[in-house]
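The values are calculated or read from the model by the stated rules, or taken from the named source; none is laboratory data. Values in this document were obtained by computation on a predicted structure and should not be read as measured data. Here Cβ is always computed from backbone atoms with ideal geometry, including for glycine, and neighbour counts include all displayed protein chains.
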Amino acid sequence: MPYISLNRVSYIYSGRSMPAVKDITLTFEKGEKIALTGTNGSGKSTIARLMLGLLKPQAGTVTLANRPIGDYSLVEIGERLGYVLQNPTQMLFTTTVYDEIAFGLRWKGVRGSELDKVCKNILKHFALWPLRNKMPLTLSEGQKQLVAICAVLALKPAYLILDEPTKSIDTFRKDILLNALQDIGHKGTGIIIISHDQEFTHRLCNREIKVFDGKVATDGSRC
Amino acid sequence: MDLDVRTKLFIAAIFSVLAIVYQDPVILGALLVILLPVLAFLKTPLGKFYDFRKLFYLYLILIIIQSLFVRGGAPLLKIGTIHLLTTDGLIYGLAVVMRFIILVGAGLILVACDTAKLLLAMSKMKIPYEIVFMIQLGIRFIPTLIGELSATFDAIQMRGADLRRVYKRKVFKVYLEIFTPLVFGILQKAEQLSILLELRGFRRYPERTSYKTIAMKKRDYIVIALTSAATMVFIFGAILYGKEQIPFNLR
Ligand SMILES: Nc1ncnc2c1ncn2[C@@H]1O[C@H](COP(=O)(O)OP(=O)(O)O)[C@@H](O)[C@H]1O
Ligand SMILES: [Mg+2]
């Protein structure tokens with residue numbers, strides 16, 4: 001049983017004449033590590049937003065754990081799928097880096113010393129601890145991206161969907177990120193990485209889906 | 001029909017002014033009925049109306065608020081001896097919403113125009129460039145901003161904050177928490193935009209030449225003449241209809 005599935009999904013943005021995604025069928029099993037690649041504007045981010053139920057397809061269906069994605073609330077989707085946007089600025093909304101990590105955990109009911117421990121661990125792991133009292137929106141692009149990733153990682157979703165996660169991250173922290181992803185991947189978390197960073201995806205993913213012009217060009221496993 | 005931007009500007013201005021001047025629901029209704037074929041004639045992308053669906057509740061609240069404060073007519077809803085809602089109230093509430101729709105429709109005529117041509121037209125009409133630019137910014141920047149804010153609100157909920165939750169106090173706390181960063185983010189974007197503007201030679205408009213050109217053709221003059229005549233007929237009709245409907249109370 002696939003965990004996430006897109007069945008003959010098409011999506012057209014309002015005011016556009018050409019669909020961004022055309023009749024796409026894809027299935028994702030639990031725990032898969034997938035690279036979603038393709039040229040700029042080929043529809044990768046749109047596919048991600050469709051999988052997350054953030055866009056409603058004009059044709060086709062999207063299901064998550066065998067239920068239509070439309071049956072879930074955003075909160076319920078967030079509990080299962082961790083999504084880091086291509087533009088991390090849009091998903092940073094707290095006053096400090098520390099709070100950014102703590103926000104979701106607090107809503108999950110994590111409190112006190114337990115909360116502090118989780119936040120401290122992840123921030124120290126990614127060498128972001130010195131920035132804990134800074135406002136996320138004032139950080140550099142790469143730092144913002146890492147904070148956004150950490151905020152989602154801390155919630156331990158079943159699947160991670162990262163849209164161009166390595167875009168502006170330095171090599172040192174990229175290695176840390178790779179190790180962290182390999183680690184949670186081994187523990188069974190599914191990972192979808194939208195990226196052109198072949199070196200990064202090759203070391204993590206065993207399936208590559210190439211998108212071209214809104215359609216799946218190739219979908220294959222790779223060792 | 002492919003009309004000059006200035007002609008479209010003229011038509012949009014007429015509808016906006018009439019919608020603001022008149023308050024009578026019948027006259028506003030008539031104006032709305034006239035606006036629809038005009039929009040079709042100008043090939044206005046009515047699909048954009050759909051973008052305003054999220055404002056539906058705002059309309060509803062507008063109707064309710066308007067309705068509550070207008071007395072007169074038969075009571076529709078009352079608590080004890082207090083008339084909460086009257087027929088007159090409801091009609092005026094509807095009038096406010098019709099006015100809103102007319103203004104949005106008139107705005108859509110301009111949204112559909114090529115922005116560069118619109119700017120050119122306005123500056124040829126000697127409207128200061130800063131004002132022209134602000135209008136352009138409103139048309140183009142605000143929808144983007146709304147899009148980005150809604151992405152942020154999606155992210156907030158996907159991080160576990162159930163904003164539709166019954167515990168209103170907790171939701172209020174979330175809004176309080178995210179308020180400063182949200183405003184900060186908007187200001188940050190505005191600042192980036194202003195830097196970009198400087199880099200691209202903002203305020204150099206009088207010295208700038210334009211790749212695009214605009215020209216009034218015969219049909220533009222015909223349409224403007226017809227629109228003017230129709231407007232007079234409309235105002236005359238409204239006066240005949242009575243009810244203190246002379247624009248600016250010229251009586
Ligand atoms: N919000 C939007 N409104 C209209 N068109 C969009 C929007 N987002 C993306 N598109 C269009 O959809 C197509 C696919 O975009 P996207 O999914 O972002 O591609 P990718 O992530 O592969 O670069 C592009 O042609 C893009 O211009
Ligand atoms: Mg993208």
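The residue that is nearest to ligand 2 (Cβ to nearest atom), counting only those in region A:26-40 that are loosely packed, with under 15 Cβ neighbours inside 10 Å and in contact (Cβ under 8 Å) with a residue 12 or more places away in the chain, is A:39. Within region A:109-131, does at least one residue satisfy the condition of being out of contact with any helix residue (DSSP H, G or I) (no Cβ under 8 Å at 6 or more places or on another chain) and touching a residue at least 40 places away in the same chain (Cβ under 8 Å)? The answer is no, given that none of the residues of region A:109-131 is out of contact with any helix residue (DSSP H, G or I) (no Cβ under 8 Å at 6 or more places or on another chain) and touching a residue at least 40 places away in the same chain (Cβ under 8 Å).
With the structure loaded, tell me whether residue A:109 is small (Gly, Ala, Ser), on the phi > 0 side of the Ramachandran plot and within 16 Å of ligand 1 (Cβ to nearest atom) or whether it fails that test. Against the criterion (small (Gly, Ala, Ser), on the phi > 0 side of the Ramachandran plot and within 16 Å of ligand 1 (Cβ to nearest atom)), residue A:109 does not qualify.
Of all the listed residues (B:149, B:110, B:120), the sole one being assigned to a helix (DSSP H, G or I), touching a residue at least 24 places away in the same chain (Cβ under 8 Å) and within 14 Å of chain A (Cβ to nearest Cβ) is B:149.
Scanning region A:46-63 for residues that are farther than 18 Å from residue A:78 by Cβ and within 14 Å of ligand 2 (Cβ to nearest atom), we see that the one that is surrounded by the fewest Cβ atoms within 10 Å (Cβ to Cβ) is A:46. With respect to (1) more than 13 Å from ligand 2 (Cβ to nearest atom); (2) closer than 21 Å to residue B:144 by Cα; (3) not charged (D, E, K, R), the lone exception for residue A:43 is condition (1).
In summary, helices (runs of 4 or more DSSP H) completely within region A:120-223 and bearing 3 or more residues that are surrounded by 17 or more Cβ atoms within 10 Å (Cβ to Cβ) occur at A:141-153, A:171-186. Tallying residues that are surrounded by fewer than 20 Cβ atoms within 10 Å (Cβ to Cβ) and part of a strand (DSSP E or B) within region A:1-25 yields 6. All conditions but one from (1) within 13 Å of ligand 2 (Cβ to nearest atom); (2) surrounded by fewer than 20 Cβ atoms within 10 Å (Cβ to Cβ) apply to residue A:66; the one that does not is (1). Taken over region B:213-251, the residue count meeting the criterion of being loosely packed, with under 10 Cβ neighbours inside 10 Å and at pLDDT below 85 is 9. Of the set (1) in a loop (DSSP other than H, G, I, E, B); (2) more than 11 Å from chain B (Cβ to nearest Cβ); (3) away from ligand 1 (no atom under 16 Å from the Cβ), all apply to residue A:94 but (2). Residues that are more than 15 Å from ligand 1 (Cβ to nearest atom) and within 14 Å of chain B (Cβ to nearest Cβ) within region A:12-29 are absent altogether. When A:182, A:143 are screened for being without any contact (Cβ under 8 Å) to a residue 24 or more places away in the chain, more than 14 Å from chain B (Cβ to nearest Cβ) and out of contact with any helix residue (DSSP H, G or I) (no Cβ under 9 Å at 6 or more places or on another chain), only A:182 passes.
Residues that are touching a helix residue (DSSP H, G or I) at 6+ places or on another chain (Cβ under 7 Å) and among the aromatic types (Phe, Trp, Tyr) within region A:185-215 comprise just one, A:200.
Screening region A:30-86 for strands (runs of 3 or more DSSP E) wholly inside it with 1 or more residues that are within 13 Å of ligand 1 (Cβ to nearest atom) returns the ranges A:33-38.
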